[in-house]
Amino acid sequence: MLTLNNPALLRTECYLNGEWVTADTGDTLSVTNPATGKIIATVPACSAAQTRAAIDGAALAQPDWRKRTAAARAKVLHAWHQLILAHQEDLAQLMTAEQGKPLAEARGEIAYAAAFIQWFAEEGKRTYGDVIPSPFPNSRIVVIKEPVGVCAAITPWNFPTAMITRKVAPALAAGCAMVVKPAEQTPLSALALAVLAEQAGIPAGIFNVITGDPRVIGGELTANEKVRKLSFTGSTAVGRLLMQQCAPTLKKLSLELGGNAPFIVFDDADLDAAVAGAMASKYRNSGQTCVCANRFLVQASVYNAFAEKLAQAVTTLKVGHGTEVDVTQGPLIDEAALCKVESLIADAVAGGANILNGGRRHALGGTFYVPTVLTNVLPTMRVAKEEIFGPVAPLFKFETEAEAIQMANDTEFGLAAYVYARDIGRVWRVSEALEYGMVGINSGVISTEVAPFGGQKSSGLGREGSKYGIDEYMEIKYLHMGL
Ligand SMILES: NC(=O)C1=CN([C@@H]2O[C@H](COP(=O)(O)OP(=O)(O)OC[C@H]3O[C@@H](n4cnc5c(N)ncnc54)[C@H](OP(=O)(O)O)[C@@H]3O)[C@@H](O)[C@H]2O)C=CC1
Ligand SMILES: O=C(O)CCCC(=O)O
């Protein structure tokens, strides 16, 4: 039973143009608690016509929002930030109910999500232009930055709140309007954000949340020429599809897609620190993040010691319902995620990998899985190539620095990588050789609103967070001024 201090945060209509609406067809989607398998709410399955109307409303509202000063927009964003923090506990409860992550992680995500709003409220004041020395005596060249206009965001279920604010906060701070389609599994967190946005005074039409069939809503968001920018976080397959769909209207794109993060442990690493970093990186959100370590590459001379220490640390994890005290591992999001984990482990074991811990469903049933460590894993196995998105740590062995780099880069993905070593020369060489957008050095935690988050290769385009993140929502305009 979901009991909130403020029941108004459990909203089950969509927020479009400042109004709370049901689907024009009356269709709905069910929201399930992955820990219990029980339906906790239904939300509208909105139509393409409703999506179009939301875009039209955003296009009407955006010019006035854009005209406000950055300081005036910041005032509203700061109010939203404060409201989110004031309701942190309720928002975390909602998130755990629909997503499954432990309450402590959900509280952390709410704080993380709010931090993007605070950060970009301030960054909006610093969208400086430029003055370029003119090559002509009778003209001057000035560069200004302007909001791109109406934006759309399609967001995933693994971070139901932070992946929305990481996109919406820079968009709104820049003077854009935004239409968000959250994941089907986690619409309640998105709708609760809209409740607080309305209270904070974000004008009607500037922030919209629409739920429903991804192909119907995504089809309109990508085809509609009034939408000038799409930001997506999710799988590489869907990212590619959306990029194709945006091609005819040539939208600006930010794509934050899948990863296959190597976590490299060299023989000079502090092994206890490496294990602590591995735990933080691998088992966050039960392994369901795009920056989770996917492949542990361990130098041969410390392989057994690292494996033993990691296996020991994994026994301290507690699997259970996210609402229970001390639980560190919630359920996987759904049966498909569980089956993927099982098939990756089966493939590795068939190829000769050993199970050091776990390797089985948890006695709680449902989609709970026992945190797993695999040794003797080979680069030819599926687990080396695919994003696991579950609590499984496969350990690969390497001999030399060159081999570690080759193995780390042997993937189509390039989001996050991790390196544990003490030799400063090696740290620089390896960090520069890694074809990744982010490198954690002696650190398993890299996410913060102040740093640029994003990937290379099939992991996507663009950067989120940091001073760079707001540029994704701005166009550069150059003014050539004759004297
Ligand atoms: N980079 C990351 O952070 C993430 C990576 N993934 C990876 O993807 C795998 C599958 O997860 P999954 O949830 O299916 O990821 P998806 O990429 O399918 O979903 C992410 C978002 O895209 C939407 N979407 C899906 N298909 C379309 C479409 N045709 N048009 C428009 N929008 C669409 C989803 O909507 P809806 O929910 O309504 O289907 C959701 O809002 C995971 O196992 C993981 O490997 C997943 C999530 C996040
Ligand atoms: O998995 C993701 O899609 C985003 C990771 C969350 C973060 O670390 O910011």
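The values are calculated or read from the model by the stated rules, or taken from the named source; none is laboratory data. Here the structure is a predicted model, which means the values were calculated and not measured. Cβ sites come from the backbone with ideal geometry, for glycine too, and all protein chains shown count toward neighbours.
Table for the structure above
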read-out: In the range 197-234, the residues that are farther than 29 Å from Leu85 by Cα and outside any helix (DSSP H, G or I); value: Asp213, Asn224, Glu225, Lys226, Val227, Arg228
read-out: The range 153-162, residues that are buried (at least 24 other Cβ atoms within 10 Å of the Cβ) and not in a strand (DSSP E or B); value: Thr155, Asn158, Phe159, Pro160, Thr161, Ala162
read-out: Members of the range 190-238 that are over 15 Å from Leu172 (Cβ atoms) and acidic (Asp, Glu); value: Asp213, Glu220, Glu225
read-out: Index of the failed condition, Ser447 passing every other in (1) over 24 Å from Asn260 (Cβ atoms); (2) within 14 Å of ligand 1 (Cβ to nearest atom); value: (1)
read-out: Residue within the range 190-202 that is in the same structural domain as Arg126 (by the TED database), buried (at least 24 other Cβ atoms within 10 Å of the Cβ), touching a helix residue (DSSP H, G or I) at 6+ places or on another chain (Cβ under 7 Å) and not aliphatic (A, V, I, L, M) present; value: no
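This table checks each residue for (1) more than 10 Å from ligand 1 (Cβ to nearest atom); (2) in a loop (DSSP other than H, G, I, E, B); (3) surrounded by 24 or more Cβ atoms within 10 Å (Cβ to Cβ).
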position: Arg140; (1), (2), (3): yes, no, no
position: Lys145; (1), (2), (3): yes, no, no
position: Cys151; (1), (2), (3): yes, no, yes
position: Ile164; (1), (2), (3): yes, no, yes
position: Lys167; (1), (2), (3): yes, no, yes
position: Leu172; (1), (2), (3): yes, no, yes
position: Met178; (1), (2), (3): yes, no, yes
position: Glu184; (1), (2), (3): no, yes, no
